[in-house]
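The values are calculated or read from the model by the stated rules, or taken from the named source; none is laboratory data. The structure presented is a predicted model; accordingly, all values stated were derived computationally and were not measured. Here the Cβ positions follow ideal geometry from the backbone for every residue, glycine too, while neighbour counts run over all protein chains shown. What goes into the accessible areas is simple: the full protein's heavy atoms, side chains included, and nothing from ligands, DNA or RNA. Shrake-Rupley method; radii C 1.70, N 1.55, O 1.52, S 1.80 Å.
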Amino acid sequence: MNQPAIDALLAKIESTEKASGSPRVKTIVNRIVRDLFVTIEELDIEPEEFWSAISYLTEAGQSGEYGLIAAGLGFEHFLDLRMDEAEARQGVTGGTPRTIEGPLYVAGAPESAGSARLDQDPQPGEVLFMQGQVRGADGAPMAGAVVEVWHANHLGGYSFFDPSQSAFNLRRAIRTDAEGRYRLRTRVPVGYSVPPGGATEKLLGLLGRHGTRPAHIHFFVTSAGHRKLTTQINIEGDPYLWDDFAFATRDGLVPPMTRVDDPVALRAHEVDAPFYAIDFDFDLHAEQQGLPADQIARAHFAV
């Protein structure tokens with residue numbers, strides 16, 4: 001099909017649009033349609049291939065895997081890189097790197113002051129204590145900042161999405177103390193893969209890719225007058241540390257993890273076996289005019 005014929009069809013489609021529609025949506029959808037027409041023509045996509053893709057998209061929507069697919073195809077990381085670049089143009093650099101939120105956040109986790117224990121359900125694995133400080137743009141500690149934290153259990157499942165877990169297991173919100181410090185106790189997380197046999201795994205298989213994420217812990221960090229930080233840390237030593245199917249591992253987000261077996265430290269932490277410790281500080285940017293939105297409106301699981 002020649003380009004004039006494609007242009008004529010696009011013009012006919014666009015001529016049906018009314019002034020009452022959204023100019024922004026018109027621009028975006030018309031561009032996507034144009035690009036898909038060109039893709040179909042240039043790659044000689046057959047009708048059977050097209051309708052197979054439609055069936056796949058329907059399946060992915062029914063299984064709720066679009067969030068995983070967006071991460072696996074690099075879209076979520078791409079959006080982070082665009083925000084980094086937009087901030088850098090305004091002179092905002094440094095601080096704790098952002099990285100993807102992922103599709104498994106749940107709002108409303110219980111809040112505590114200074115410290116929290118995340119592992120409410122019994123599970124195997126080593127005890128992990130993580131602690132640090134939230135600092136503002138001037139480097140000063142930020143009292144009353146909120147550190148929201150969530151991660152998967154030893155089977156790679158997240159509470160609410162995994163019905164075998166209790167509500168808000170491995171999910172908490174910690175309000176920092178007068179010195180801007182937070183502390184949490186949990187279990188060392190493990191890596192996990194996308195749902196077996198699901199839409200994401202099927203697509204990655206056709207691309208010759210795996211669907212595994214390295215062990216990680218998610219965070220939202222917020223404080224008045226500062227930009228919300230969406231980030232996660234990775235557990236060092238994971239075999240997929242720099243081969244994350246979601247492209248979320250970034251320099252500055254792989255803190256050392258220390259094994260602690262000193263008897264005095266064990267007693268101080270009220271444990272009877274060696275544990276692991278991670279020290280990690282969060283450095284926020286001050287809010288200012290002209291920066292991209294840091295509060296991203298997106299669908300989340302409703303409790």
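Residues that are open to solvent by 70 Å² or more (accessible area, probe 1.4 Å) and touching a Gly at 6+ places or on another chain (Cβ under 8 Å): does the stretch 242-251 have at least one? Can you show your working first?
Filtering the stretch 242-251 for residues open to solvent by 70 Å² or more (accessible area, probe 1.4 Å) gives 242-243, 247, 251.
Narrowing the set further to residues that are touching a Gly at 6+ places or on another chain (Cβ under 8 Å) leaves 247.
Looking through the stretch 242-251, at least one residue is open to solvent by 70 Å² or more (accessible area, probe 1.4 Å) and touching a Gly at 6+ places or on another chain (Cβ under 8 Å).
Taking the stretch 111-124, which residues are part of a loop (DSSP other than H, G, I, E, B), open to solvent by less than 40 Å² (accessible area, probe 1.4 Å) and under 30 Å from LEU68 (Cβ atoms)?
LEU118, ASP119, ASP121, GLN123
Which numbered condition trips up PHE129, out of (1) of a type in the set (A, V, I, L, M, F, W, C); (2) open to solvent by 20 Å² or more (accessible area, probe 1.4 Å); (3) modelled with pLDDT of 95 or more?
(2)
Say whether the condition of being of a type in the set (Phe, Trp, Tyr) and either within 29 Å of ASP243 (Cβ to Cβ) or open to solvent by less than 60 Å² (accessible area, probe 1.4 Å) (or both) is met by at least one residue in the stretch 55-66.
The first filter runs over the stretch 55-66 and keeps only residues of a type in the set (Phe, Trp, Tyr), leaving 56, 66.
Going one step further and asking which of them are either within 29 Å of ASP243 (Cβ to Cβ) or open to solvent by less than 60 Å² (accessible area, probe 1.4 Å) (or both), we end up with 56, 66.
For the stretch 55-66, residues of a type in the set (Phe, Trp, Tyr) and either within 29 Å of ASP243 (Cβ to Cβ) or open to solvent by less than 60 Å² (accessible area, probe 1.4 Å) (or both): present.
The rows are residues; the columns are (1) touching a strand residue (DSSP E or B) at 6+ places or on another chain (Cβ under 7 Å); (2) open to solvent by 40 Å² or more (accessible area, probe 1.4 Å).
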residue: PRO256; (1), (2): no, yes
residue: ASP261; (1), (2): no, yes
residue: GLU270; (1), (2): no, yes
residue: ALA273; (1), (2): no, yes
residue: TYR276; (1), (2): yes, yes
residue: ASP281; (1), (2): yes, yes
residue: LEU291; (1), (2): no, no
residue: ALA302; (1), (2): no, yes
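Go through (1) open to solvent by 40 Å² or more (accessible area, probe 1.4 Å); (2) under 18 Å from THR222 (Cβ atoms); (3) more than 21 Å from the chain's Cα centre (by Cα) one by one and return the number of the condition GLY108 breaks.
GLY108 satisfies every listed condition except (3).
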